[in-house]
Structures are given as C-alpha cells and as structure tokens.
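Every number in this text was worked out from the coordinates using simple rules, so none of it is lab data. Remember, predicted model here, so these are calculated numbers, not experimental data. We place every Cβ from the backbone using ideal geometry, glycine too, and count neighbours over all the protein chains shown.
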C-alpha cells in the first residue's frame, strides 16, 4: 500500500528514518515516497493494460515538481486545471499530447497558452466556454480538440464537497445540451469536438457509481452513433478512493475488472485521471509536539503544524491516521490533536486514543500526499512547510520552507499612509 513502515520501532520512509529528515529540515514538513508513487501508477497501468489508456495524473492532488517528474518519467500524462499547472508540467517535460485541461472557468490567457502548447484536448464545461475556445482558436489560426464534460446526474456516495456528477453541482453539461452541441459542430470551425468526459467525484470506494455513470455515457454514445456523430475519446475522469481509516476501497485490478467490459464496448480511446489513488498514501505530514494541555474537561496535544498546512480535517472532517514517529510506551488517553492557528477548526484528529507525548516528540499525519500541500495557505502569516522526497536511502528537499521575506514579497505600504 505504501512505503512508510516501522523498523526497530521507528517510522521509516523507504530506507530513511523520518526523524533523520526532521532533524535536517525542521518541522512541520511534507514527505513523499518515490517508490509508492511509481507503484500506484504502475498498478493502474497493469490493471488497464488491455486497453492501453492515456493515464493523466490529476495534478490538483499534488503539484510538487519532483512528484510530477517521477510520474512523467513513468509515462504519465496530466490532467490540469490552470495555466500555472500547465507551466509546471511543461517544466518536467510532459508530453503535450498527454495533457487534458479541465476547469469550469478557463480564462483567455489559459486557453491561449494551452492551444499554443498543443495539448491533447480541453474538457469543456459549458456552451459559453466552447464559444470562447473557438474564438481564441480562430484568432490563433489553430484547430484544437474538445471533449464535452457530460454531467450524468449520478450520486457518487462520497462527501458532498467532492461530489461533481449531479446537476446540483457546477460541473459539466447536461446530455440534452451536449447532444445539441454535437449536432451543431459546424458552428465551431476551429474546434474538433471528438470526445466525451465524465467525472462524478472523488474518494469513491465502490465501482457501482462509476458503472452507473459509464452506462449512461454508453447509452448517449449509442444515440450519437445513430445520428452519425463520430467520437474518438472517452475520458472517464478519476475519483478512485484510498484507505484513510477503515475504508475498503477497490484495488486498481478490481476496478478494471468491473469497468473494462463497458469501456471495450465503446471502441474509443480511453483517458483516465487518477490523482488521490496515486499520490494520497505516498505522502505524510510530519509535525512536532509543543504542549500537552489538560483543561479538566478535555486533553489536547498541541503541535507546530496547523490547518494552514493541512486543511482536509477542517474542511471535510476528514479522518487521517496519526502515529508517533517512535513507538511509545507512554500512557494512551483520549485527546484532540490540534495546531496553533486561532480557529476552533484547527485540528488533525478529535477524540483520538493516543500516547501522552512530550514536547519535542514527532508525529506523522498519514495519507497526506493528495490535497495536502496544494491546499496550504499563509493564514496567520505562517510560511508554508517544505516538501521532501525519499528515493531508496536518499532524500532531498523539493520545495523550501517559506520565509517571512517570501511572504512579504510584493507587499508594501502605500505612500498616502507614510
């Protein structure tokens, strides 16, 4: 599952003691396992080998350059949602023909940059966006490929804030509008509308919602074929769940076994956009104990990392396993594990049975390789933590800790206040 294991009662990342890294870089910090990233990517490759899909890592999950380079070297493509992400994947030498561009609010700058880069296609979310891309492509005199993001109105059985495939959400195009667009393609001479895209949400642990959505898309493809509308690509999005606590998510092979028969029926080139499945369990967040507080009603383990570093527990009430870096014989009690931020929502775990550690002890918040650092902020004027990658017995800082000077860059007091 991942390469964070206890050896001689101390947590290691691959062959490196995590505490050794903590001494070098300080706390808090994010730590990624190179081998875990590669292993999870190749699991999907092998499971879907029969149809040889284009596997585009959803880089909104983790945009660290070392992570991107690791995956690009393995042949991954990328699912991007901004011009910044486009610039990053270009920096690691990604193949433009393995880049797909999602997002409901693509700007003129972003569309222009992506067309010039020669990406595989845009996943288009609305009719106005389609018209905008056509106008920009005309200006650039370059025809570009389009996949329409279909909203199949399917419940994904996941957290409401990461459900994307119902008509209550802002994502995608309803089937009737999509059919109309495809029948009116001549109105968009600088677009080649030759794909469909569906993405119903994230952290989905069962194949049933995927099958439901794919069946709807297959029925729609059948309607289009009868009307003489050709397609080349079907992008099935991402959303595969991982283990955070007691979930029992499907393996890549189980997922493939469940949906391959349906995908083969389409005869289309399949694109996939896994993010969390590849990166989630490939990262941890390491933080140091500051105090153990007992207010007579409740105990709190206060650490130096906060919700500005890792937002998921506060935003989604997400459960993350938390472990001490060194196995402890200390008495275990019920406590909240919290940070220094001035918000009641600043916590990593609530009512957790955990050892009564002391100042300076180190803990790891597990499964933070996806939607961890990418959602970090500078709230309370705190610099974002560094990111580190381990490969075998080597490690390197892949992003430095932000300093106060970094936070002040571009900020000034206006003349009329001096």
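Its Cα gyration tensor gives region 338-418 an equivalent ellipsoid, and the semi-axes of that ellipsoid, as √(5λ) in whole Å with the largest first, are 30, 21, 12.
When both bridge partners sit in region 34-276, DSSP labels roughly 5% of those beta bridges antiparallel.
Computed over region 34-276, the quotient of the alpha carbon radius of gyration and 2.2 N^0.38 Å is 0.96.
Beta bridges per DSSP, both residues in the chain: antiparallel share near 50 percent. Ordering of 401-413, 340-352, 34-46 by packing is 34-46, 340-352, 401-413, highest average first (other Cβ atoms within 10 Å, averaged per residue). Spatially, region 359-418 and region 284-301 are offset by 21 Å when compared through their Cα centroids.
For region 191-303, place one equal point scatterer on every Cα, skip the solvent, and apply the Debye formula. What is log10 of I(q)/I(0) at q = 0.10, 0.16, 0.20, 0.21 Å⁻¹? For region 191-303 at q = 0.10, 0.16, 0.20, 0.21 Å⁻¹, log10 I(q)/I(0) is -0.45, -0.80, -1.07, -1.14. Rg and Dmax over the alpha-carbon atoms of region 327-379 stand at 13.0, 36 Å. Place a point 7 Å from the Cα of residue 299 along the Cα-to-Cβ direction; which residues of region 364-381 have their backbone N under 16 Å from it? Once the point is set 7 Å along Cα→Cβ of residue 299, nothing inside region 364-381 turns out to lie under 16 Å by backbone N. Each listed q (0.09, 0.12 Å⁻¹) maps to a log10 I(q)/I(0) for the chain from the Debye sum over equal C-alpha point scatterers, namely -0.60, -0.99.
For region 1-63 versus region 183-202, the spacing of their alpha-carbon centroids is 35 Å.
Spread over its residues, the convex hull of the C-alpha atoms of region 19-82 is 101 Å³ per residue. Of all the options 239, 118, 283, the one that moves most in a Gaussian network model of the chain with Cα springs shorter than 10 angstrom is 118. The overall shape of region 253-387 is prolate: from the C-alpha gyration tensor, with semi-axes ordered a ≥ b ≥ c, the ratio a/c is 1.5 or greater and a/b exceeds b/c. Against the chain, whose longest principal axis is taken from its Cα atoms, helix 127-140 shows a tilt of about 80°. Normalised by residue count, region 248-295 yields a Cα convex hull volume of 141 Å³ per residue.
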